[in-house]
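Here the structure is laid out as C-alpha cells; the discussion comes afterwards.
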Amino acid sequence: MSADHPASLELGQADLLARIRSLEVDEAELARRYGVDGRRPADALAADSILRRLEALVYMVLSMRRSVVPAAQALAWFPAARVEAMLEHIARVCRSSLDLGYHLCTFAPEVLKHLDDDEIGDWIAALLDLYDRKGSQGCIREMQQVAAHAEALRRSRRGVDFAEVAPVLESFTTGLAGRRLRLQAADAIYTDTEVIFLPAQLSQFAERADNYRLYKAMIAALWAQNWFGTWLGPGADWLTQVQEQAQHQTQGRAQDGARLFTLFRCAEALRLDACLSRELPGLWREMQRLMPSTLEPLSATWRAAAAQLQGAAADAGTSRRIAEALLHADGAAPQPHCWHGELRPKAVAEVAAARAARERAALQQQLGVIADELGGNLRAAEASEALRFDVRRVPDDDWPGGIAFQLVLGDQAIQPNAEARQLMHSIVQDFGHIPSEYLQAAGQGLYHRRSGAAREDGDSAEAASAGNVFVYDEWDYSRRAYRKGWCQLRERDVQPQNDDFVAQTRTKYRGLLKHLYRTFEALRGEDRILKREPYGEDPDIDALVEAHADRTRGLEMGDRLFQRRRRVERDVAVLLMVDMSGSTKGWINDVQRESLVLLCESLESLGDRYAIYGFSGFTHMRCDLFRIKRFSDAYDAVVHGRISGIRPRDYTRMGVTIRHLTARLLEVEARTRVLITLSDGRPDDEDGYRGDYGIEDTRQAVLEARNQGVHPFCITIDDDAQDYLPHMFGPASYTLVENVAKLPYRVSDIYRRITV
C-alpha cells in the first residue's frame, strides 16, 4: 500500500480511489479561472501530490460522488506556499469534522482565489465557530458565499463610516459660506436646506481616501444647491408641481413630469458643478479624481445646453428653461456624477416655510435689539423712524450672488451684529433679497441659537420667549444620527439656603485652606523659565555645555547661552458642572458642597474666572440646569446661600448639559476654557437614557466641546468609572476619587494640575 495512505485503509478503498482519480478535469477552464495569464506559478505543486495529501485527510468520506480530484487539479494553479498553508487549515478542520473537511477541500481553490493569506486564518476560525453553532449545513452556505464575504471584507477596509469622520466633515461644512448646515446619516443623499443627509458608509472606491473625498464632494454639491440658488424663490414650488405631475394618473402627463424633473436635475447638476469649479477650484480638482476614466460624451444638444449652464450668469431659471426646451427632444440626458444627490422639493418646501416664519420674527427681534442700542443716540423725534430699517445692495463676494444687503437706518449704514448678519444671509438664500416686511424692528427678544447640535424649537415660541428654555438635539448612536430637538433644557436658580454652611466649612478645613491659599498664590505668581535666550539673568547650563562642545570641534559658538524668567499671565475660564441627581443625597451631598466651597475659596485667591451650574432632570422633556454662580456673579452671600442650597433631585442626563454649558463657556473670552464635571456615576435617566445610549451621547457632547476649543474633564467618585469614563471623556480627561470623604481635599489639587 502507498505510504501516502494510512495502514487502516479498508480493502477495496484503493480501487475506489483509483476510479475517482480517473475522473476528467477541464484544464482549460482551470487555467482561465485560476491561472495568471493562463500560466501556473513556477513553484506550483504537482496535482498528483496534492491529490494524495487531500485523500490522506478525507479518504474515509470519499465516494464516486465525493471526489477531491477537481480540487487538487485546481490547487495546482496556486503557489506552493499558499497550498501548503491551505492543507494545514484543512487538517485543522478535519480534526473537528471529516465531513466539513471534505467540503473545505472542494471550496479551497475559491478560498485561495478570493481571500488573502492573512484573511484565511480568521475566516477558518469563524467557520469553526459557525460549525459549533449551526453544524455542517451552515458552514457549507458560508463557503458557498466566500466571494461575497471577501467583497464585504474589502468594502469594510476601504469604506469610511460617517460616524467616524462626522466631526471633521462638520468642520469642513462650517467653513463653507452661507447658512450653517448640519450633517446627518440617512439612506438617501439630499438636503432640506438645513440638514445635509449622507450615507452611513461609503465604500464605492477602492481607496479609503477617495471614499472620504466623496463625502466632501457630496457635501459641496448639496451646499451648492443652497448657496447657488437651486431653491431660490419659487424654485421649490415649481419642482413640487413637476414631481406631483410625475405621479399623475394620466400616463402621458406622468411621463412628461418625470422626464422634466430628470432633465432639470441633470441641467442643474451641470450648472452647480461649474459654480463649484469657479468658487472652490481646489476642491473641484479633488472631485475630478472621482470621475470615471472614460466619460460618455455629451450629445450635441447637451453640449449646447452645457455651454449656457456653465456661464457665470446662469441660474436655476436657466436650468428650468433648458429642461422645458428639451422635454420632447431625442436623446438621453447625461448621467449625474457620484456626488450628486437627489432633489426633494417637498422636504425643502416644508422646512423653508417653517424657517421663513421663524427667521422673520428673529430678524425683527434682532433689529429691535439694534434699535435699542442706538436709541440713546437718537432724538426722541427720530425714535419712531429709527425702527424702520432699509437695505442697500452693494457688491460682496461673501454673499449669495455676489451682492450684499447692507443694513441702513436713514442715510446711515448700520453694522449688524453677528446673529442679524447670519439671519440676513439665510433670508437672502431663500428669497434672493430681504423682504421689506422683515425690516420692521420689534421688541428685544427671542432668537437663541447654540453651537454644535443645539437649535431653538420653533414650535415652542412661548417658552423660548421666556429666555430660559433651550432645545437641543441628542446623539442616538444606534442610528448614527441626532434626534432632532429632543431635549428641552431650562435654566433655573438654586433656592438659596441662608445658613452658615460656608462659614462652618471654612472652620472645618481651616488648615487645608491655608495650604490651598499658599499653593494657589504661588501658582498665580509662577514664572516660566525661557531657555537658550540671547540675554537673561542666569546662564543656561545646557546651552553652555553644547557651546563648549561646538568650540572643541572647531565650530562657532552660538550666542543663545542665557535663561530668563517671564511672568505667566493666566487667562483661564472654568465652568463647574455639578451632578445634582438623586444618588448624591446624604453625606455625598455634604462633601460635594464642601468641595465647592474650598474650590471657590482657592479660585478667589488665584483670580481665575469661574462659574458653577448644577444639573438634574426627569426625561428629555425636563432637563434642569441650576444657576449657582455665573461668571459675572461675585462670590458673595447670595452665592454662599446657593451652594448651601444644593440638594439632590432626579436623574443624570449629561449630554444636553455639556452642550449648553459649552455654549456658556464660549461666551467668555479666554485663552483656556475648561469644563469640569463633578459626578458620582454614569449617565442615567428615566426614559432609557442609560447604558451605551447615555454614554455615547455624553461622549458625542464631549467631542463637540473639544472641537470648539473647550477642555472637558470629569471628577468622579464612582468605583466603576474605569468601565466607561476612558471612552466617554478620554483616558487622560478624568480622575477617580476612590475615598468620597477625601473629595474636599482632592478637588482643588486636581484643578491646579489640569489648569497649569
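The values are calculated or read from the model by the stated rules, or taken from the named source; none is laboratory data. This one's a predicted model, so the numbers in the text were calculated from it and none came from an experiment. Cβ atoms come from the backbone with ideal geometry, glycine included; neighbour counts cover every protein chain shown.
Structure notes:
- Of the residues making up the stretch 195-220, just one is at pLDDT below 90 and among the basic types (Lys, Arg), namely 208.
- Pairing each residue of the stretch 34-50 that is basic (Lys, Arg) with any residue that is surrounded by 14 or more Cβ atoms within 10 Å (Cβ to Cβ) and in a loop (DSSP other than H, G, I, E, B), provided the two are 6+ apart or on different chains, yields C-beta distances under 8 Å for 40/76; 40/77.
- Any chance residue 45 is modelled with pLDDT of 90 or more and either in a loop (DSSP other than H, G, I, E, B) or within 30 Å of residue 205 (Cβ to Cβ) (or both): yes
- The set of residues in the stretch 595-617 that are at pLDDT 90 or above and among the aliphatic types (A, V, I, L, M) comprises 596, 597, 611, 612.
- Scope the stretch 474-492; condition surrounded by 15 or more Cβ atoms within 10 Å (Cβ to Cβ) and among the polar types (S, T, N, Q); matching residues: 488
- Candidate set: the stretch 287-339, residues that are of a type in the set (Ser, Thr, Tyr) and part of a loop (DSSP other than H, G, I, E, B); chosen: the one surrounded by the fewest Cβ atoms within 10 Å (Cβ to Cβ): 293
- Candidates 66, 82: the one that is in contact (Cβ under 8 Å) with a residue 24 or more places away in the chain and either in a helix (DSSP H, G or I) or on the phi > 0 side of the Ramachandran plot (or both) is 82.
- Residues within the stretch 50-105 that are out of contact with any Lys or Arg (no Cβ under 8 Å at 6 or more places or on another chain) and closer than 21 Å to residue 36 by Cα, tallied: 15
- Condition check for residue 642: in the same structural domain as residue 706 (by TED's automatic domain parsing), crowded, with 21+ Cβ neighbours inside 10 Å, touching a residue at least 60 places away in the same chain (Cβ under 8 Å) and among the basic types (Lys, Arg): yes
- Of all residues in the stretch 389-432 being of a type in the set (D, E, K, R) and in a helix (DSSP H, G or I), the one that is modelled with the lowest pLDDT: 419
- When residue 218 is tested against (1) free of Cβ contacts under 8 Å to residues at least 60 places away in the same chain; (2) buried (at least 17 other Cβ atoms within 10 Å of the Cβ); (3) out of contact with any helix residue (DSSP H, G or I) (no Cβ under 6 Å at 6 or more places or on another chain), only condition (1) is not met.
- Annotation: of all residues in the stretch 696-714 being touching a Lys or Arg at 6+ places or on another chain (Cβ under 8 Å) and surrounded by fewer than 21 Cβ atoms within 10 Å (Cβ to Cβ), the one that is nearest to residue 583 (Cα to Cα) is 711.
- Entry remark, the stretch 591-617: residues being surrounded by fewer than 16 Cβ atoms within 10 Å (Cβ to Cβ) and farther than 22 Å from residue 517 by Cβ number 0 in total.
- Residue in the stretch 27-42 that is part of a helix (DSSP H, G or I) and either at pLDDT 90 or above or hydroxyl-bearing (Ser, Thr, Tyr) (or both) present: yes
- None of 289, 303 is among the basic types (Lys, Arg) and out of contact with any Lys or Arg (no Cβ under 7 Å at 6 or more places or on another chain) except 303.
- Scanning the stretch 696-705 finds one or more residues that are touching a Pro at 6+ places or on another chain (Cβ under 6 Å), within 23 Å of residue 627 (Cβ to Cβ) and of a type in the set (Ser, Thr, Tyr).
- Residues being under 13 Å from residue 534 (Cα atoms), assigned to a loop (DSSP other than H, G, I, E, B) and not charged (D, E, K, R) - total across the stretch 545-565: 3
- Selection from the stretch 109-136 of residues that are among the aliphatic types (A, V, I, L, M) and either exposed (fewer than 14 other Cβ atoms within 10 Å of the Cβ) or in contact with a Leu (Cβ under 6 Å, 6 or more places away or on another chain) (or both): 125, 126
- Count of residues meeting criterion [surrounded by 16 or more Cβ atoms within 10 Å (Cβ to Cβ) and either without any contact (Cβ under 8 Å) to a residue 12 or more places away in the chain or out of contact with any Gly (no Cβ under 9 Å at 6 or more places or on another chain) (or both)] in the stretch 679-689: 3
- Among (1) modelled with pLDDT of 85 or more; (2) buried (at least 17 other Cβ atoms within 10 Å of the Cβ); (3) basic (Lys, Arg), the one test that residue 179 misses: (1)
- The sole residue among 111, 165, 146 that is of a type in the set (A, V, I, L, M) and closer than 28 Å to residue 477 by Cβ is 165.
- From 115, 100, 127, residue being farther than 30 Å from residue 220 by Cβ, assigned by TED's automatic domain parsing to the domain that holds residue 58, touching a Ser or Thr at 6+ places or on another chain (Cβ under 7 Å) and of a type in the set (A, V, I, L, M, F, W, C): 100
- The residues listed here are 319, 299; of these, the one that is assigned by TED's automatic domain parsing to the domain that holds residue 178 and under 23 Å from residue 430 (Cα atoms) is 319.
- Restricting the stretch 489-524 to residues that are acidic (Asp, Glu) and modelled with pLDDT under 90 leaves a set whose member that is farthest from residue 637 (Cα to Cα) is 521.
- Test: residue 622 is closer than 19 Å to residue 710 by Cα, surrounded by fewer than 22 Cβ atoms within 10 Å (Cβ to Cβ) and of a type outside the set (A, V, I, L, M, F, W, C): no
- Search result, residues across the stretch 59-79 that are surrounded by fewer than 19 Cβ atoms within 10 Å (Cβ to Cβ) and not polar (S, T, N, Q): 60, 61, 64, 65, 66, 70, 79
- Filter result (in a helix (DSSP H, G or I), exposed (fewer than 15 other Cβ atoms within 10 Å of the Cβ) and not hydrophobic (A, V, I, L, M, F, W, C)) within the stretch 137-153: 137, 138, 141, 144, 151
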